[in-house]
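Accompanying notes for the structure given below.
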Amino acid sequence: MCGRYVIKNAVDKTSSLVKTAIQVENNENYNAHPYQKLPVIKKYTNGNTLESLKWGLVPGRAKDKEC
């Protein structure tokens, strides 16, 4: 996972898809990359939410599991 991408106003653009936004800032990020807190849509039984989560994968061979 070495790809980078752009996030523009995540809260505004997902307002029709999610019920609430939890600790997500509505700002732009032109260098979103793995191991950074990024907005993610999570599905719950009572609806979808937008949450800020640490994004990325840690390989099993990594000595430091908390990247």
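For the reader, a short list of remarks on this structure follows.
- When the Gaussian network model of the chain links Cα atoms closer than 10 Å, the mean-square fluctuations of Leu50, Leu17, Leu38 top out at Leu17.
- Estimated [θ] at 222 nm from DSSP helical runs (n ≥ 4, -39500 (n - 2.57)) normalised by residues in the chain, nearest 500: -1000 deg cm²/dmol
- Hits among lysines - C-alpha to C-alpha of Lys8 under 28 Å, sequence gap 8 or more where chains match: Lys19, Lys37, Lys42, Lys43, Lys54
- Only one residue of Gly56, Gln23, Ala10 has its Cα farthest out toward the positive end of the dipole of the chain, where Lys and Arg carry +1 and Asp and Glu -1 on Cβ, and that residue is Gly56.
- Karplus-derived HN-Hα couplings along segment 11-17 (A = 6.51, B = -1.76, C = 1.60, θ = phi - 60°), whole Hz, x at Gly and Pro: 5, 5, 6, 10, 4, 7, 9
- Both radii come from the Cα set of the chain: Rg as radius of gyration, Rh as Kirkwood radius; their ratio Rg/Rh reads 1.03.
- For Tyr44, net neighbour charge (Lys/Arg +1, Asp/Glu -1) across residues whose Cβ lies under 11 Å away: +2
None of the figures in this text is laboratory data; all of them are computed from the coordinates on show. These numbers come from a predicted model, not from an experiment. No Cβ is skipped: glycine too gets one built from the backbone with ideal geometry, and neighbour counts run over all protein chains shown.
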